[in-house]
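The values are calculated or read from the model by the stated rules, or taken from the named source; none is laboratory data. Being a predicted model, the structure only gives us computed values, none of them experimental. Positions of Cβ are generated from backbone atoms using ideal geometry, with glycine treated the same way; all protein chains shown enter the neighbour counts.
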Amino acid sequence: MSADRDTTGGLRWHLRAFWQRRRWQFTSALIADWLKTTRPASSHLLLIGGSAGWMMSSTWLQRFRKIDLIDVDPHASWLFRLNHGRALRASDSHLQFFQTDGLKALDHLLRESPEATIFFDNVLGQHLYRVGDMARAESELQQIAARLKGRDWGSVHDLYSGPVDSNRAVAQPVSRYDALNDAQGLLVNGLRETPMHRLLLSQVGGHDEWMDHLTSGIFPIGTASQLIAWPFLPNYAHWLQAGWVAGSGSSSG
């Protein structure tokens, strides 16, 4: 996830993630805390866009006996194993890597693994950059829930991003929100010019124009989600949305 198209993958992204990992540590911890509240229905995980798993929780991954890591980045396999391999070996979790576009192949993946839990790891917020067309990107993102109807799935993705006061972005603690309690209109109306919009920017010292990643309508209406601040760079921050949709026979805590 990034502020520009050139940093959404590849070696440049991995180098930036490596050097910024301490800055991102608290955000990663909040993501891990949120993941603890989920109740995956399957021991088989389709991890779409997992990349190297820089901000993924090894402890959460250990819940699964089988993990299919799906990413277009050829570096994802060995870097993901570098970050999580030891933990997965300890839990006897089998990891497979498939170098493909998980969004383009989504219907095929769902047919091939009808019982699997699906998790989109920091990928849906980049769809606009990938397709380069706002109307198409928004339409395709809004169809995700329908394509996954009845399935057990979750996502962490960019919601909003933009420039910040560097002092506040670094110094302020990361906050999180329940979208149902704090932003009743979030899932259907977006964020721009809403009280939540102003609140999010004020939390991280945001200013000027912020980028809407067109993801506020991804989850079915009524899905509880958390908003987690991510100090991406000293002068640039993101708000992430983390949500879980329980399929048949599962629940989320």
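Which one of 138, 112 is without any contact (Cβ under 8 Å) to a residue 12 or more places away in the chain, farther than 12 Å from residue 48 by Cβ, surrounded by fewer than 24 Cβ atoms within 10 Å (Cβ to Cβ) and charged (D, E, K, R)? The match here is 112. Checking each residue in segment 121-180 for being closer than 24 Å to residue 247 by Cβ, at pLDDT below 90 and in a strand (DSSP E or B) picks out 159, 178. List pairs: first in segment 141-160 and under 15 Å from residue 123 (Cβ atoms), second assigned to a strand (DSSP E or B) and among the β-branched types (Val, Ile, Thr), Cβ under 6 Å, 6+ apart or cross-chain? From residues that are under 15 Å from residue 123 (Cβ atoms), the pairs are 153/118; 153/245.
Take the conditions (1) assigned to a loop (DSSP other than H, G, I, E, B); (2) among the β-branched types (Val, Ile, Thr); (3) modelled with pLDDT of 85 or more; residue 221 misses just one of them, which is (3).
All conditions in (1) farther than 19 Å from residue 161 by Cβ; (2) without any contact (Cβ under 8 Å) to a residue 12 or more places away in the chain hold for residue 14, with the sole exception of (2). Those helices (runs of 4 or more DSSP H) of segment 21-115 in which at least 1 residues are farther than 19 Å from residue 144 by Cα, considering only elements entirely within it, cover 25-36, 58-61, 76-90. You will find that of 8, 38, 27, the residue that is surrounded by 16 or more Cβ atoms within 10 Å (Cβ to Cβ), among the β-branched types (Val, Ile, Thr) and modelled with pLDDT under 85 is 8 and no other. Residues that are touching a residue at least 40 places away in the same chain (Cβ under 8 Å), farther than 21 Å from residue 29 by Cα and not aliphatic (A, V, I, L, M): does segment 88-105 have at least one? Checked against the condition, which is being touching a residue at least 40 places away in the same chain (Cβ under 8 Å), farther than 21 Å from residue 29 by Cα and not aliphatic (A, V, I, L, M), segment 88-105 yields at least one hit.
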